[in-house]
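The values are calculated or read from the model by the stated rules, or taken from the named source; none is laboratory data. Because the structure is a prediction, the values reported are computed rather than measured. Note that each Cβ is placed from the backbone with ideal geometry, even for glycine, and that neighbours are counted across all protein chains shown. Accessible surface is based on the protein model in full, side chains and every heavy atom, while ligands, DNA and RNA are left aside. Shrake-Rupley method; radii C 1.70, N 1.55, O 1.52, S 1.80 Å.
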Amino acid sequence: MMLLEIKNLHKIYDNGTHALKGISLHVNEGEFLVVIGLSGSGKSTLLRCINRLIEPTSGSIKFFDKEITHVKGEELRKLKSQIGMVFQQFNLIKRRSVLSNVINGKLGKLSTFDTLIERYSDEVYKEAYSCLDIVGISDKAKIRADSLSGGQQQRVAIARSLMQNPKLLLADEPVASLDPATSNSIMQYFEKVNKEFGTTVICNLHFLSLVRRYATRVIALKAGEIIYEGLPSAIDESWFKTIYGEEAEEVEIR
Amino acid sequence: MIQNNEINLIPQKIIADKKKIEDKFNLAKAIFLDIFFVFYSIIVVQRAIYLKFILDKSDLPFSWHQIFTVFLVSIFIGTFWALSKTSLSCKLFGIANDNKTTKWTVEIFAWFLFNITFIAGWIVTKISIVSIFSSEGIHGAERLFGAMFHPQMGIFDDSLFAMIETIYIALIATLISIPPTLILSFFTARNLMKDNKISFAVYYILRIILNFVRSIEPLIWAIIFSVWVGIGPFAGMIALLVHTIASNAKLYSEAIEGIEQGPVEAISATGANKIQVVWHAVVPQIVLPFLSFTIYRWDINVRMATIIGLVGGGGIGTMLMQYQGLAKWREVGLIILMIAFVVWIMDYISAKIREAIY
């Protein structure tokens, strides 16, 4: 079933940067779609347009056949609560515990007053712990988030997005600030979420070896346009040079 | 295919339109600024340098007629200069023509502005090397410094109590300021308020009010409140309170503007509403800076409270004023030493606390 349908999407920032130039793509349920491309090619902008952290300039985005390009207010919050997002810089609240960071993922579905005084039901706590279990880090629940290592913080961030029970999980270069070994283990958690819960994943990545291993489909962006769409195995040397430029050389990561 | 081209044209047009509007705005700003620059130069050269310094006139003739004439002339020159796109302001707003003429006019005019400002400042300040070295003056200063090093210890108890009063005035002003400052700071943080027009208007109006309140020194507030609620510590406390709220609201709101955007983005991406985003993503990041500013402000308030005492705000300042009026320099010496000591201690303590909480 079609989860996401994007048609001729443009984004022009206030400073005049034309970040997306007519992107059209569709994503089916259960896919693991990876977006590759150089820094500044529009990958992050594309993801942020999907969960409407930024407003597209023109074009249309349909989520489950529902037009979401310009939804506002309550409807927009409801949309956001169905889409999880994981960031390159983890974006945890550093001074709070791992547990409350995970519960933050549920904010959109709880009453405002309860979240202000942090009165959560046992169910919410249970759910938070089970989300932490999925990423194998529930023993660290009471620890301050900034005392964890980068990889562990990213796992907490994944747990936070799982707390939303997302239909779609967006990941904006989730392993770009991690070492190769940790990168691989973080990607395995995304794979687990994708395979076990059937959550659709759209992920920005840089390393082709990771792309080949985890993606079910790849799109490549260059200067705001899609220049490649297909299977990860079909990206050969010449495509690689087209995407990353003539001087690029592939870096292996295991 | 034609349809496809049309769609692709639209974004280019948006970019071009934006650029055009921006250029127009910049040109308007450049014209105003150039008029001001020309007006300023003529007035400064004519009044401060020519009339006051070269002709050495003590009372300058003043007429609106003359000012108006100068203004008209500068409108004329400034407008043409900006429209020619070679002026200093055009350069500042990035719309100047990139050629030799621009480079020369901008450099020469900037130098000219800086120099006349410095010269006029020198003349206005009445800088006089002679009076620093006059024997009479040096003698007077000697007497004061001498008294300070032989303080009158007889009034130690009294001045200690007055000092404690001052510290408490500062403390209470700081404590009471916290809740209103907190609330105000959220409404004066640009990143929280810029999203819709109404909140942006609130932000703007509050900023103007706070800037106005802050621009009036606590000393002036103390004079106002000593008339309002009567001379004494209460007037001094309110004066400090008003000024503390206005200046800390600015510091707090700047702390809010300077937070990491990542966590804010992450929390709003979960579908949280505005209040939840502020409470769960903004507040945890600003608790420590707020605490630090507040402690630092207590330290500042102790210093200000001594000054406020001079106009009847109670505490050690009032006492200092009394002895100074009686020309009892040894008592004044003791009070000054006490103030210096307490301020130094407060400075040290507040620095230590701020270090500890970070």
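Identify, from the list A:R160, A:R144, the residue that is at the interface with chain B (Cβ under 8 Å from one of its Cβ atoms) and modelled with pLDDT of 90 or more.
A:R160 is the lone residue from the list that is at the interface with chain B (Cβ under 8 Å from one of its Cβ atoms) and modelled with pLDDT of 90 or more.
For region A:185-199, state whether one or more residues are assigned to a strand (DSSP E or B), β-branched (V, I, T) and under 25 Å from A:K62 (Cβ atoms).
Kept after step one, since they are assigned to a strand (DSSP E or B), are these residues of region A:185-199: none.
Looking through region A:185-199, none of the residues is assigned to a strand (DSSP E or B), β-branched (V, I, T) and under 25 Å from A:K62 (Cβ atoms).
Let me spell it out: the conditions are (1) open to solvent by 30 Å² or more (accessible area, probe 1.4 Å); (2) without any contact (Cβ under 8 Å) to a residue 60 or more places away in the chain, and B:K328 meets all of them except one. Which number is the exception?
Single failed check for B:K328: (2).
Take A:I158 and tell me if it is crowded, with 20+ Cβ neighbours inside 10 Å, touching a Pro at 6+ places or on another chain (Cβ under 7 Å) and either outside any strand (DSSP E or B) or without any contact (Cβ under 8 Å) to a residue 60 or more places away in the chain (or both).
Details: crowded, with 20+ Cβ neighbours inside 10 Å: yes; touching a Pro at 6+ places or on another chain (Cβ under 7 Å): no; either outside any strand (DSSP E or B) or without any contact (Cβ under 8 Å) to a residue 60 or more places away in the chain (or both): yes.
Here the answer is no, as A:I158 does not meet what is asked.
Among the residues of region B:258-293, count how many are hydroxyl-bearing (S, T, Y) and surrounded by fewer than 21 Cβ atoms within 10 Å (Cβ to Cβ). Let's see the steps before the verdict.
At the first step, the residues of region B:258-293 found to be hydroxyl-bearing (S, T, Y) are B:268, B:270, B:292.
If we keep only those that are surrounded by fewer than 21 Cβ atoms within 10 Å (Cβ to Cβ) as well, we get B:292.
Total meeting the criteria: 1.
Can you report the number of residues in region A:64-85 which are in contact with a strand residue (DSSP E or B) (Cβ under 6 Å, 6 or more places away or on another chain) and either closer than 15 Å to B:K274 by Cβ or of a type in the set (S, T, Y) (or both)? Steps first, answer last, please.
Let us first name the residues in region A:64-85 that are in contact with a strand residue (DSSP E or B) (Cβ under 6 Å, 6 or more places away or on another chain), namely A:68-69, A:83-85.
Add one more test, that the residue is either closer than 15 Å to B:K274 by Cβ or of a type in the set (S, T, Y) (or both), and what stays is A:69.
The qualifying residues number 1.
Looking for whichever is open to solvent by 70 Å² or more (accessible area, probe 1.4 Å), more than 30 Å from the chain's Cα centre (by Cα) and within 14 Å of another protein chain (Cβ to nearest Cβ) here; the options are B:K103, B:K20, B:K57, B:K24. Which one fits? Don't jump to the end; show me each part of the working.
Values: B:K103 fails: within 14 Å of another protein chain (Cβ to nearest Cβ); B:K57 fails: within 14 Å of another protein chain (Cβ to nearest Cβ); B:K24 fails: within 14 Å of another protein chain (Cβ to nearest Cβ).
Result of the check over B:K103, B:K20, B:K57, B:K24: B:K20.
Which helices (runs of 4 or more DSSP H) does region B:231-284 wholly contain that include 3 or more residues that are within 14 Å of chain A (Cβ to nearest Cβ)? Break it down into steps so the answer makes sense when it comes.
Details: elements: B:233-257, B:261-269, B:274-277.
Helices (runs of 4 or more DSSP H) meeting the threshold: B:261-269, B:274-277.
Go through (1) hydrophobic (A, V, I, L, M, F, W, C); (2) farther than 28 Å from B:I119 by Cβ; (3) open to solvent by less than 50 Å² (accessible area, probe 1.4 Å) one by one and return the number of the condition B:L51 breaks.
B:L51 satisfies every listed condition except (2).
So in region A:100-116, with the set limited to residues that are more than 8 Å from every other protein chain (Cβ to nearest Cβ) and surrounded by fewer than 22 Cβ atoms within 10 Å (Cβ to Cβ), which one is modelled with the highest pLDDT?
Within region A:100-116, the first condition is being more than 8 Å from every other protein chain (Cβ to nearest Cβ), and the residues that meet it are A:100-103, A:110-111, A:113-114.
After this cut, where a residue has to be surrounded by fewer than 22 Cβ atoms within 10 Å (Cβ to Cβ) as well, the list is A:100, A:110-111, A:113-114.
Numbers: A:S100: 92, A:L110: 88, A:S111: 87, A:F113: 89, A:D114: 88.
Looking at the filtered set, the residue picked out is A:S100.
Could you please find all residues in region A:22-42 being surrounded by 17 or more Cβ atoms within 10 Å (Cβ to Cβ) and within 24 Å of A:A176 (Cβ to Cβ)?
A:I23, A:L25, A:V27, A:E31, A:F32, A:L33, A:V34, A:V35, A:I36, A:G37, A:S41, A:G42
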